[in-house]
Amino acid sequence: MLVILSGVAGAGKNTIQKELIKRIENVIAIPSFTDREIRPGDVPGETYNFVSTEEFERMIADGELYEYDIHHNHYYGTSKKVLNDKMKDGKIIVKDIDVNGTENLVNLLKNDTKVITIFLRVPKEELRKRLENRIDKPSPKEIQLRLNRFDYEESKIGSYDYVLKNNDLEKTLQIITAIIKSEENLENPEF
């Protein structure tokens, strides 16, 4: 099963993903590939797989990605090999993907894989505060770039299975945990 977390930058996707891995057995994350620079707190191979722009474009040309998008002026994408290998292992994969990547991945995998999509909402002013207080300290230009994308990303919530307001981390984690367990039971019913 693939659980996709989406939402605007600063909605808490990465924090939630890390907590789900700690709390639920058999849940893992697979990092996207990106050509952006490594930031403070990034762990190559864990937060992202960092490659050059040239290498990312080669991966596109060679058909190695299920989906990719340019987001905040950088490429991000999901490796076919990495995702397929982890799915064969029977893992529940939690993946942070933007709204365009989510749509593409769902369309590609929906006939072969159980895909659950969750959109995390956060009010725009709260988002601004979160971005300003991030460890990696984005520049005012980067913050504005992310805020400018807010309305576009919010316009896509109708295509998600679940939409949650993420203003209380513990409550959000409890709800997502219940969603995963419920969806897993639907996938593997016991009679």
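Given the conditions (1) over 13 Å from the mean Cα position of the chain (by Cα); (2) open to solvent by less than 30 Å² (accessible area, probe 1.4 Å); (3) over 19 Å from THR47 (Cα atoms); (4) of a type outside the set (Gly, Ala, Ser), report the number of the one that LEU105 does not fulfil.
It fails just one condition, (1).
If a residue must be touching a Ser or Thr at 6+ places or on another chain (Cβ under 9 Å), of a type outside the set (A, V, I, L, M) and closer than 17 Å to LYS81 by Cβ, how many such residues does region 28-49 contain?
Qualifying residue count, region 28-49: 5.
Identify the single condition in (1) surrounded by 13 or more Cβ atoms within 10 Å (Cβ to Cβ); (2) modelled with pLDDT under 90; (3) under 25 Å from ILE175 (Cα atoms) that GLY90 does not satisfy, given that it satisfies every other one.
The number of the failed condition is (1).
Do we find that PHE119 is among the aromatic types (Phe, Trp, Tyr) and under 13 Å from ALA9 (Cβ atoms) in this structure?
Working: among the aromatic types (Phe, Trp, Tyr): yes; under 13 Å from ALA9 (Cβ atoms): no.
Judged against the criteria, PHE119 is not a match.
Has region 62-79 got at least one residue that is under 30 Å from GLN144 (Cα atoms), open to solvent by 50 Å² or more (accessible area, probe 1.4 Å) and at pLDDT 90 or above? Talk me through it step by step, then tell me what you get.
Of all residues in region 62-79, those under 30 Å from GLN144 (Cα atoms) come to 65-79.
With the extra rule that they be open to solvent by 50 Å² or more (accessible area, probe 1.4 Å), the set shrinks to 68, 70, 73.
Narrowing the set further to residues that are at pLDDT 90 or above leaves 68.
Taking every residue of region 62-79 in turn, at least one turns out to be under 30 Å from GLN144 (Cα atoms), open to solvent by 50 Å² or more (accessible area, probe 1.4 Å) and at pLDDT 90 or above.
Could you check MET59 against (1) assigned to a helix (DSSP H, G or I); (2) open to solvent by 30 Å² or more (accessible area, probe 1.4 Å); (3) touching a Gly at 6+ places or on another chain (Cβ under 9 Å) and say which number it fails?
(2)
If you check ARG130 against the conditions, is it touching a residue at least 40 places away in the same chain (Cβ under 8 Å), touching a His at 6+ places or on another chain (Cβ under 7 Å) and either within 25 Å of PRO40 (Cβ to Cβ) or in a helix (DSSP H, G or I) (or both)?
On the way: touching a residue at least 40 places away in the same chain (Cβ under 8 Å): yes; touching a His at 6+ places or on another chain (Cβ under 7 Å): no; either within 25 Å of PRO40 (Cβ to Cβ) or in a helix (DSSP H, G or I) (or both): yes.
It is false that ARG130 is touching a residue at least 40 places away in the same chain (Cβ under 8 Å), touching a His at 6+ places or on another chain (Cβ under 7 Å) and either within 25 Å of PRO40 (Cβ to Cβ) or in a helix (DSSP H, G or I) (or both).
Pick out the one residue from VAL3, VAL99, VAL82, VAL94 that is touching a residue at least 24 places away in the same chain (Cβ under 8 Å) and either in contact with a Leu (Cβ under 6 Å, 6 or more places away or on another chain) or among the polar types (S, T, N, Q) (or both).
Details: VAL3 fails: either in contact with a Leu (Cβ under 6 Å, 6 or more places away or on another chain) or among the polar types (S, T, N, Q) (or both); VAL99 fails: either in contact with a Leu (Cβ under 6 Å, 6 or more places away or on another chain) or among the polar types (S, T, N, Q) (or both); VAL82 fails: either in contact with a Leu (Cβ under 6 Å, 6 or more places away or on another chain) or among the polar types (S, T, N, Q) (or both).
Of the residues listed, the single one that is touching a residue at least 24 places away in the same chain (Cβ under 8 Å) and either in contact with a Leu (Cβ under 6 Å, 6 or more places away or on another chain) or among the polar types (S, T, N, Q) (or both) is VAL94.
Across region 21-55, what is the total count of residues that are closer than 19 Å to SER79 by Cβ, assigned to a helix (DSSP H, G or I) and touching a helix residue (DSSP H, G or I) at 6+ places or on another chain (Cβ under 8 Å)?
0
Just give me the residues in region 7-60 being among the small types (Gly, Ala, Ser) and without any contact (Cβ under 8 Å) to a residue 40 or more places away in the chain, in sequence order. Give the derivation first.
Of region 7-60, the ones among the small types (Gly, Ala, Ser) are 7, 9-12, 29, 32, 41, 45, 52.
Listed by number, the residues that qualify are GLY45, SER52.
Pick out the one residue from LEU169, LEU83 that is modelled with pLDDT of 90 or more, among the hydrophobic types (A, V, I, L, M, F, W, C) and loosely packed, with under 15 Cβ neighbours inside 10 Å.
Numbers: LEU83 fails: loosely packed, with under 15 Cβ neighbours inside 10 Å.
It is LEU169.
Quick one: is ILE38 within 14 Å of the chain's Cα centre (by Cα) and open to solvent by 30 Å² or more (accessible area, probe 1.4 Å)?
When the stated conditions are applied, ILE38 does not pass them.
Looking at region 137-166, which of the residues that are in a helix (DSSP H, G or I) and either at pLDDT 90 or above or acidic (Asp, Glu) (or both) is farthest from LYS110 (Cα to Cα)?
First, pick out the residues of region 137-166 that are in a helix (DSSP H, G or I): 140-148, 150-154, 157-159.
Of the ones still in play, those that are also either at pLDDT 90 or above or acidic (Asp, Glu) (or both) are 142, 151, 153-154, 157-159.
On the way: GLU142: 34, ASP151: 26, GLU153: 21, GLU154: 22, ILE157: 18, GLY158: 17, SER159: 13 Å.
Among those residues, the one meeting the criterion is GLU142.
Being of a type outside the set (Asp, Glu), assigned to a helix (DSSP H, G or I) and in contact with an Asp or Glu (Cβ under 7 Å, 6 or more places away or on another chain) is the requirement here; does ILE116 meet it?
On the way: of a type outside the set (Asp, Glu): yes; assigned to a helix (DSSP H, G or I): no; in contact with an Asp or Glu (Cβ under 7 Å, 6 or more places away or on another chain): yes.
Here the answer is no, as ILE116 does not meet what is asked.
The values are calculated or read from the model by the stated rules, or taken from the named source; none is laboratory data. Because the structure is a prediction, the values reported are computed rather than measured. Neighbour counts run over all protein chains shown; Cβ positions are idealised from the backbone, glycine included. Ligands, DNA and RNA are excluded from the accessible area calculation, which covers all protein heavy atoms including side chains. Shrake-Rupley method; radii C 1.70, N 1.55, O 1.52, S 1.80 Å.
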